[in-house]
Amino acid sequence: MAAIFFYLFAGLTLGSAALVVANRNTVNGALCLLLSLVGLAGLFVLLDAYLLAFVLLLVYAGAVVALFLFIIMLLDTQPAARKPFKPLTLAAAGLGGALLVMGVLSFLTRARLALAGPAETAVPSLKAYAERLFTTYLLPVQVVGFLLLGAMLGVVVLSKKLDSAEKAR
Amino acid sequence: MTTSSFMAFLPELVLLSGALVLFVLTLGESQGRQARIAALLTALATVAAAALCLGQHAVLFSGAYRVDAFSQLLKLVFASGLAFILLLSGRLPDIRDQIKPEYFLFLTLSVSGLVMLVSCVDLITLVIALELSSYPLYLMVPMRREREGQRSQMESAIKYVMFGVAATGIMLFGLSYLFGLTGTTSLPLLIVRLQPVIHSPPAVVGLALAFCGLYYKLAVFPFHFWTPDVYQGASNETAGLIASLPKIGAVAVLVRFVSLSPSDNQVIALLLTGLAMASMFYGNLIALAQKDFKRLLGFSGIAHAGYAVVGFVSLSTAGYAAALYYIVGYMLMILACFVVICQVSRDGTNVAIAELAGLHRRSPLLALTLVVGVFGLAGIPPFVGFMGKLTLLTSALAQGHLALVIVAMINAAIAIYYYLRVVREAVFGDPAGNQPPIALDWPTRMLCALLIAAIVAFGVAPEPVIDALAASLGGLNLPL
């Protein structure tokens, strides 16, 4: 049963991820990304990582993809005519793909993974996450606060029309 | 928080409180002058705090944050670097008055990210601190004033962000491999658990990918594309910051990562050798053809990143200490060059090498600073650049990397040509037309004197510095 669901969700994730790349309409592409994320969340549920699945849907599907759609509709881009790839691009893509295949093959054949066991939080409960957040990861949480403060001020500074304000003086 | 852990965290607290004061200043009407004074006071207080906390040892935040001799020494370097850069950015002609407080806030935030970076021994904390040091820089590049027909600051800002995001993504991918192999994000634990599998492909790939985010900061060869454009597009003061402090942070974290692999890991050594050679040749050969002084420094920066990587090839403590010593010296030398750029360009435009002509008549002190800085970069004794290269090459030769040492020597010879071209313009050239003499205010004079003194002192008496660095590296990954 679990195997069926695994293939179902994996197929959904990979298939819609391929459609994100192949789709020429950007809105459809963003919606395919949403589907791909839903499939990924399903995979997390199969691994008993309910919180991660929930956060993925909430943050990525809920906020990030909505932001993408917002920008796409704001810019109102028309699907452009498909340009043929340059030979250099094709060569680079071929080389990159070949390297990736070789890498995966060498992983499959040569690597003997002596796994150090599952991660320390064996039970990924909300309580365990919260405890980590307030002990080991207290500093990153605080630092992210400063990061967001800087990002917010940066948006204000970069979007302000400074030239007109300067001329008005 | 107990008193001892409070003391251990003092430099960070001082810096972050300073950042909050600056944030309050951004809320009012343009207060560029007050903001600069506040930032300068913060920097001086941080220098004092870092000096006071030099001997501190502590593990904070449940083992995610480690205060030891290594981190405290580098915090002192960062705090002094911040003070230097604030002395350098006096007038900020290319930043509008209304956003000067924000500029100083971003500067302080970026340095506080670096200060935390050197203490992080948990992968997640480390990535967050790295981001805190990068984001403000992304914002400072496009804050340059627009000119007629010049929007290069936007182009370079986009390039900087895009390469930064891509490099961080690759780094996170590599870190996920390391996490998957060991099941922990804590570096001291990771070292222990990685030992049995260190030669397996996933571990090597994970480490190699994890280096990528740091190569980007350091501007090592395949991640260097942003460097010349950002140096040229950002305002002179911003470029001075980007060129100096983040590179020390990158080398410090690279030390922590590279020391994960044992000293007989040939794959990592080979990879680092290749990158070092490529960076040196690429940077030096293209720098030969440059006319803009900042762009020239950008390409020479790529070459110097290559020299710094030479220290890592030996995978030994002596090599890491040499790389740290070299990059600290590089900060002093590149800042000396940027002081000259900021002062020669009165209205904030870029400086072509030809514009340096006759600098010795316009301002003898600036000409002396430039000569000391550029001779240092070229690796001419008795300046710090020479001793740095010597210790780096000695450490590489001790492990039998003869080919790399020869390539580095060839590159040092190539580099002397374009550095001497700068010196020739400044010392032997005649000023075009009747250029007025450059009047220097007292912070600039002080900065020039400090930089010249430091470059000479570090070059003449390198032993205390290298010994202190090597000693602090001794206990780097040991459990406290």
Looking only at segment B:143-191, which residues are touching a residue at least 40 places away in the same chain (Cβ under 8 Å) and not in a helix (DSSP H, G or I)? B:Arg144, B:Arg145, B:Arg147, B:Thr185, B:Ser186
Only one of (1) touching a residue at least 12 places away in the same chain (Cβ under 8 Å); (2) assigned to a helix (DSSP H, G or I); (3) more than 10 Å from every other protein chain (Cβ to nearest Cβ); (4) not charged (D, E, K, R) fails for B:Gly113. Which number is that? (3)
Residues satisfying the stated conditions in segment B:262-307, i.e. within 14 Å of B:Tyr418 (Cα to Cα) and small (Gly, Ala, Ser): B:Gly283, B:Ala287, B:Ala289, B:Gly298, B:Ser300, B:Gly301, B:Ala303
I'd like to know if segment B:350-372 contains one or more residues that are among the polar types (S, T, N, Q) and surrounded by fewer than 24 Cβ atoms within 10 Å (Cβ to Cβ). yes
Filter segment A:116-162 for residues that are in a loop (DSSP other than H, G, I, E, B) and within 7 Å of chain B (Cβ to nearest Cβ); the one that is modelled with the highest pLDDT is A:Tyr137
Could you list all residues from segment B:373-407 that are buried (at least 24 other Cβ atoms within 10 Å of the Cβ) and farther than 23 Å from B:Ala454 by Cβ? B:Ala396, B:Leu404
Counting only residues that are within 14 Å of another protein chain (Cβ to nearest Cβ) and farther than 30 Å from B:Arg36 by Cα, give me the helices (runs of 4 or more DSSP H) lying completely in segment B:201-295 with at least 2 of them. B:201-218
Out of segment B:123-142, which residues are touching a residue at least 60 places away in the same chain (Cβ under 8 Å), buried (at least 24 other Cβ atoms within 10 Å of the Cβ) and within 7 Å of chain A (Cβ to nearest Cβ)? B:Thr125
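The rows are residues; the columns are (1) within 21 Å of the chain's Cα centre (by Cα); (2) crowded, with 18+ Cβ neighbours inside 10 Å; (3) within 14 Å of another protein chain (Cβ to nearest Cβ).
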position: B:Phe23; (1), (2), (3): no, yes, yes
position: B:Arg33; (1), (2), (3): no, no, no
position: B:Arg36; (1), (2), (3): no, yes, no
position: B:Thr46; (1), (2), (3): yes, yes, no
position: B:Gln56; (1), (2), (3): no, yes, no
position: B:Gln98; (1), (2), (3): no, yes, yes
For A:Ala10, only one of the following conditions fails: (1) within 21 Å of A:Gln78 (Cα to Cα); (2) at pLDDT 90 or above; (3) not acidic (Asp, Glu). What is its number? (1)
Test: B:Ala79 is small (Gly, Ala, Ser), crowded, with 20+ Cβ neighbours inside 10 Å and more than 14 Å from every other protein chain (Cβ to nearest Cβ): yes
Only one of these is within 13 Å of chain A (Cβ to nearest Cβ) and either closer than 16 Å to B:Leu117 by Cα or of a type outside the set (A, V, I, L, M) (or both): B:Phe70, B:Phe9. Name it. B:Phe9
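The values are calculated or read from the model by the stated rules, or taken from the named source; none is laboratory data. What you see is a predicted model, and the numbers here were worked out from it, not measured in a lab. All Cβ positions, glycine included, derive from the backbone under ideal geometry; neighbour counts span all protein chains shown.
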